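**Q** Take a look at this one; I'll ask things after.
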Amino acid sequence: MNKLLSIGRSHTTPTLQWRAYLEMTKPKVVALMLLTVLVGMCLAVPGSLPVKPLIAGLIGIAMMAGSAAAFNHLIDRRIDGLMARTYNRPLPKGRVLVSRALLFASLLGAVGFWILYAFTNPLTAWLTFASLIGYAVIYTAYLKRATAQNIVIGGLAGAMPPLLGWTAITNQFHGHALLLVIIIFTWTPPHFWALAIHRRAEYAKVDIPMLPVTHGVEFTKTCILLYTVLLALACLLPVLVGMCGPIYFVCSSLLSTGFIYKAWQLKYQDRQGLAMQLFRFSIYHLMLLFMALLVDHYLLI
C-alpha cells in the first residue's frame, strides 16, 4: 500500500509543481496585460505588424510580467498566508520552496529580458525591466506598506504595457502610446479600491494601509466615483487627438457610463457584494475598451 501511495505521489507531483509555478506568474493578469500590449503594437503602425518584434515582444514582455508576479508572490508570502484571498497560494502552502521561487522568478525575468533585447530592441527591454522593478520592488516591497496612495503611485508600472508594445514595434516613444498609459493609470485606482473595500478587514489584519483601511470605506467610495469620471475623460483623449474614430468613441462612452453608474451605485446604493461586482466590471471595461481601440483602428484604415 505504501508503495502504491508513493507511486501515485510521484506521478502527480510534477503536474502539481507545474501548476504552482504557473500560478505564481498570475496568468489571467498577464493575459489582460498582453491584450493592451498587442493594442499598443497594432496602433503603432497603419498596416500589418512585423512578425519578429510581434512574437518576440509578446513572449519577452509576458515572461518579464510573469517574473514580476512571481517576485510579488515571493515578497508577499507572509501576508498572503494571513489573507483569505491569498492563503492558498503556492508559497504560503509550501508547494514551492522560497529558494526555488526566487530562482524561477529570476530566470524567467532574465530570459524575457534577453529575448526583448536581442529580438525586439534595447529600449523595450529596459522599459520592461523598469516596469518589473517598479511593480516587484518599489510597489510590492515599499509603497504597498508605506502609504495609502500605494496603488496610485505604483499603478504607473502596471500602466506601461501599451507603451511597451508600441516601442517593441517602432523603437521609439510616441505621445499616442502615452495616452494609452494614462488610461490604464487612471483605471487602476478605482479597479483596485473596489477590491480593497471588499477585503478591507484582511488588509487591516496584516497592516497594509489600503485606502479603505486608512481613510474609511465612504471616503474610498467617493474617490472611486471621482476617478471613474476622470477615467471617462482620459478615455476621450485618443478621440480628441485624432488617434481614434467614432467606433471607439461610442464604445468608450458606453463603457464609461456603465463604470460611472456602477461607482455611483456603490457610493449611494451600496449592497452586499456590489464592490466585487464593480471590481469585475472594471476588468471587462478595460478589456472591451482596448478591443474597441483595435476594431476602430483596423476598420478605419
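**Q** Report, in deg cm²/dmol and to the nearest 500, the calculated mean residue ellipticity at 222 nm for the chain, where each DSSP H run with n ≥ 4 adds -39500 (n - 2.57) and the sum is divided by the residue count.
**A** Helices in the chain give a 222 nm mean residue ellipticity of -26000 deg cm²/dmol.
**Q** Then there's this: Hey, if you drop one equal point scatterer on each alpha-carbon of segment 112-173 and run the Debye formula without solvent, what base-10 log of I(q)/I(0) do you get at q = 0.17, 0.22, 0.25, 0.28 Å⁻¹?
**A** -0.58, -0.80, -0.92, -1.04
**Q** Which residue, 161, 90, 48, has the largest displacement toward the positive end of the dipole of segment 25-172 when charges sit on each Cβ (Lys, Arg +1; Asp, Glu -1)?
**A** The Cα lying farthest towards the positive end belongs to 90.
**Q** Which number do you get for Rg(Cα) / (2.2 N^0.38 Å) in the chain?
**A** My calculation over the Cα atoms of the chain gives 1.06.
**Q** Which value, in debye to the nearest 20, describes the size of the charge dipole of the chain about its Cα centre when Lys and Arg Cβ atoms bear +1, Asp and Glu Cβ atoms bear -1, and nothing else is charged?
**A** Computed about the Cα centre, the dipole is about 1080 debye.
**Q** Within segment 56-76, list the residues whose amide N lies under 19 Å from a label point set 7 Å along Cα→Cβ of residue 18.
**A** The answer is 63, whose backbone nitrogens lie closer than 19 Å to the label point.
**Q** Taking the dipole about the Cα centre of segment 174-301, with the C-beta of Lys and Arg at +1 and of Asp and Glu at -1, give me whichever of 215, 180, 293 is farthest to the positive side.
**A** The residue sitting farthest along the positive end of the dipole is 215.
**Q** How many nm separate the modelled label positions at residue 298 and residue 201, each set 7 Å beyond the Cα in the direction of the Cβ?
**A** 4.7 nm
**Q** Can you give the three extents of the C-alpha atoms in segment 25-172 along their principal axes, from longest to shortest, in whole Å?
**A** So the extents along the principal axes, rounded to whole Å, are 50, 32, 22.
**Q** In the chain, if the dipole is taken from +1 on Lys/Arg beta carbons and -1 on Asp/Glu beta carbons about the Cα centre, which of 63, 74, 32 is farthest to the positive end?
**A** The listed residue farthest towards the positive side: 74.
**Q** Name all residues of segment 186-204 having a backbone nitrogen under 12 Å from the label point set 7 Å from the Cα of residue 283 along its Cα→Cβ direction, giving them as ranges.
**A** In segment 186-204, the label zone of residue 283 (backbone N under 12 Å from the point 7 Å along Cα→Cβ) covers 195.
**Q** Could you work out how far apart the two model spin labels at residue 106 and residue 253 are, taking each label as a point 7 Å from the Cα in the direction of the beta carbon, and quote it in nm?
**A** Each label point is offset 7 Å from its Cα along the Cβ direction, giving 5.4 nm.
**Q** From the P(r) of segment 174-301, can you give the percent of Cα pairs sitting at distances over 20 Å?
**A** 45 percent
**Q** Dipole magnitude of segment 25-172 about its Cα centre, charges +1 at Lys/Arg Cβ and -1 at Asp/Glu Cβ only, in debye to the nearest 20?
**A** It works out to roughly 560 debye.
FYI, it's all coordinate maths here, none of it is from the lab. Everything numeric in this text was worked out from a predicted model, so none of it was measured. We place every Cβ from the backbone using ideal geometry, glycine too, and count neighbours over all the protein chains shown.
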